[in-house]
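Undergrad: Submitted below is the structure of interest, expressed as structure tokens.
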Amino acid sequence: MTLDPSLIRSSFTAVQPHGPELTAYFYDHLFTHHPGVRPLFAAHLDEQRDRLWAALGALVANLENTETLVGMLQNLGRRHAGYGALAEHYPAVGDSLIAALRHFAGDAWTPAVEESWTSAYGVISSTMAAAGEGVAR
Ligand code: HEM
């Protein structure tokens with residue numbers, strides 16, 4: 001699978017005006033299609049939505065700064081171990097994240113864009129999960 005950073009950036013630019021709706025859609029999709037992860041999250045997700053959106057922006061901005069990107073993902077992954085996130089939860093989140101991006105990207109969403117996001121999420125999730133493995137629970 002091919003990760004084309006320019007396609008990640010252009011599609012992320014296309015969804016910029018829809019941040020709050022996109023993150024709301026993401027959580028609805030996640031809890032409907034993958035209800036098993038719901039208990040990990042606090043009841044109120046308002047603040048959480050903004051943080052997710054900010055983290056995605058920071059990851060996209062640093063896609064080609066490998067050292068910064070890996071450091072960010074390792075920190076995020078270690079914190080997520082504390083939230084109870086296990087490697088097996090990552091595919092569910094990726095499925096819902098890509099569904100939300102697809103929903104709001106409109107014409108900017110193409111098979112090549114989906115392939116790039118799928119591939120990027122593979123890198124994101126494997127780096128986070130690996131860092132999380134090292135954390136005592
Ligand atoms: C692209 C991957 C992900 C990103 C960018 C992301 C981002 C974030 C951010 C920014 C926070 C706020 C707290 C912090 O910064 O530590 C957070 C919290 C959280 N995330 Fe994630 N996350 C991702 C994947 C996951 C996965 C796979 C799970 C597993 C189900 C998960 C579950 C949680 C939980 C339970 C919280 C705490 C929410 C609460 O306080 O109720 N996240 N996430």
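Just so it is clear, none of the values below were taken in a lab; they were calculated from the coordinates. Note that the coordinates shown come from a computational prediction; the quantities given were computed from them, not determined experimentally. Virtual Cβ from ideal backbone geometry, glycine too; neighbours counted across all protein chains shown.
Undergrad: So how compact is the chain: Cα radius of gyration and Dmax in angstrom?
TA: Looking at the chain, its Cα Rg and Dmax stand at 14.3, 44 Å.
Undergrad: In percent, what relative contact order does the chain have, based on Cα pairs under 8 Å that are 6 or more apart in sequence?
TA: The normalised contact order for the chain reaches 45 percent.
Undergrad: Can you list the HN-Hα couplings for the range 12-28, worked out from phi with the Karplus curve (6.51, -1.76, 1.60; θ = phi - 60°), rounded to whole Hz and with x for Gly and Pro?
TA: Values, residue by residue: 5, 4, 5, 8, 3, x, 10, x, x, 5, 5, 6, 5, 4, 4, 5, 4 Hz.
Undergrad: Could you give the size of the charge dipole of the chain about its Cα centre, using +1 on the Cβ of each K and R and -1 on the Cβ of each D and E, expressed in debye and rounded to the nearest 20?
TA: Magnitude of the dipole: close to 380 debye.
Undergrad: Among 127, 18, 104, whose Cα sits farthest toward the positive end of the charge dipole of the chain (+1 at Cβ of Lys/Arg, -1 at Cβ of Asp/Glu, about the Cα centre)?
TA: 127
Undergrad: With charges set only on the Cβ (+1 for Lys and Arg, -1 for Asp and Glu), what does the dipole of the range 64-137 come to about its Cα centre, in debye to the nearest 20?
TA: The calculation lands at about 360 debye.
Undergrad: Another one. Take the Cβ-Cβ distance between residue 115 and residue 41 as r, set R0 to 22 Å, and report the resulting FRET efficiency rounded to the nearest 0.05.
TA: Here the calculated transfer efficiency is 0.15.
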